[in-house]
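S.K.: I'd like to ask you about the structure that follows.
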Amino acid sequence: MKYFLGCELTYDIAANTTMILNVEVQRGSSQTIISERFVAPPGVEPQVHEVPETGNRYQRLHLLPGTSVIRYEAEVITSPTVHDPASVVDIAVTDLPFEVLNHLYPSRYCQSDRLARFAWREFGSIEGSFQKVTGICNWIFDHVDYIAGTSDGSTSALETFDYRAGVCRDFAHLGITLTRALGIPARYVSVYAFGLVPQDFHAIFEAYVGGRWYLFDATRLIPIDGVVRIAIGRDAADTAFSTFYGQLVDQPKKVWIDRLDGEALEAEWTTSAVSLG
């Protein structure tokens, strides 16, 4: 599937500010970047860094007082792998690769140790790891309301569980938390998401089952095979699209992703296991 995607970010800078952006799509066997362009404000020379362990790509900019407009755009081809969930075999914790073990542990926004009793009582009897994670997503969709403005950057999975409302970030955190509580590695994923209305950066999560990472989105706002991965991490603290040190006021951002081909998106929520490698 071929996409044209990107974002435009506008900031009113009140004092010298250092900004770290994470808006560029990841490179990989399932995501091929045909072309891309990052446009910084005039006179600003970004420092570029790609983290080998995650594939996350960062731009660090030093912004002076005034209005700064930053734009990123890319043409990307994705090749998601779609499996029958029944074919996804379980892997015991004792057999997991060491590199995924850190995604079993509690993290800042995903206190999996605090929800373990609920997770095992609610989902522990479901046969199969993939089916357990699907059951978690179904429960979140049925019991948590998607309401803008009900959470902020400090809201954790525990608070979302108690309040039963949130946005994509909160749905992803709660999904990760309950999945880890069952002994299944899970990680946070920021994406450009085709079909999302209104368009914005979107948060989903991946669970490591059957020897690979599979995509899950408890919001059900998008076709799960219609995403382009930006960044991965333990939770949102590792994947923020913008982090700044200074003083600024951000203006409404523009985010877009358009299809450049006519291929159909066919992955169904409960009958398809989708991976981006």
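What follows is calculated from the coordinates using simple rules that are stated; it is not laboratory data. As the structure is a prediction and not an experimental result, all values here were calculated from the model. Every residue, glycine among them, receives a Cβ derived from its backbone with ideal geometry; neighbour counts consider all protein chains shown.
S.K.: Report the calculated FRET efficiency for F4 and T54 (r = Cβ-Cβ distance, R0 = 30 Å), to the nearest 0.05.
M.R.: Using R0 = 30 Å, I get an efficiency of 0.75.
S.K.: Another one. When the expected Rg is taken as 2.2 N^0.38 Å, what fraction or multiple of it is the alpha-carbon Rg of the chain?
M.R.: 1.00
S.K.: Would you mind computing, in nm to one decimal, how far apart the modelled labels at Y163 and S87 are, each placed 7 Å from Cα along Cα→Cβ?
M.R.: Inter-label distance under the simple model: 4.2 nm.
S.K.: Still on this model: Any chance you could run the full-extension gain for R259 through T18? It's 0.36 nm times the residue separation minus the Cα-Cα distance, nm to one decimal.
M.R.: Taking 0.36 nm per residue and subtracting the Cα distance, the gain is 83.4 nm.
S.K.: Also: Of the peptides 217-225, 117-125, how do they stack up when ordered by the mean number of other Cβ atoms within 10 Å, highest first?
M.R.: My ranking of the peptides, most packed first, is 217-225, 117-125.
S.K.: Further question: Scan around V209 for amide H atoms under 5 Å from its own, H built in the peptide plane at 1.01 Å from N, and keep only partners 5 or more places away or cross-chain.
M.R.: Long-range HN contacts for V209: Y214.
S.K.: Could you work out the helix-only [θ] at 222 nm for the chain, with each DSSP H run of four or more residues adding -39,500 (n - 2.57) and the total divided by the number of residues, to the nearest 500 deg cm²/dmol?
M.R.: Roughly -5000 deg cm²/dmol at 222 nm, from the helical runs in the chain.
S.K.: Compute the distance in nm between two label points, each set 7 Å from the Cα along the Cα-to-Cβ direction, one at F118 and one at R220.
M.R.: 2.0
S.K.: Turning to a different aspect of this structure: Could you calculate the contour length gain from D152 to A240, that is, 0.36 nm times the residue separation minus the distance between their Cα atoms, to one decimal place in nm?
M.R.: Fully extending the segment from D152 to A240 adds 30.4 nm.
S.K.: On a full-extension model of 0.36 nm per residue, what is the gain between R212 and D250, subtracting their alpha-carbon distance, rounded to one decimal in nm?
M.R.: Here the answer is 9.9 nm.
S.K.: Roughly how big is the stretch 176-266's charge dipole about its Cα centre, with Cβ charges of +1 (Lys, Arg) and -1 (Asp, Glu), in debye to the nearest 20?
M.R.: 280
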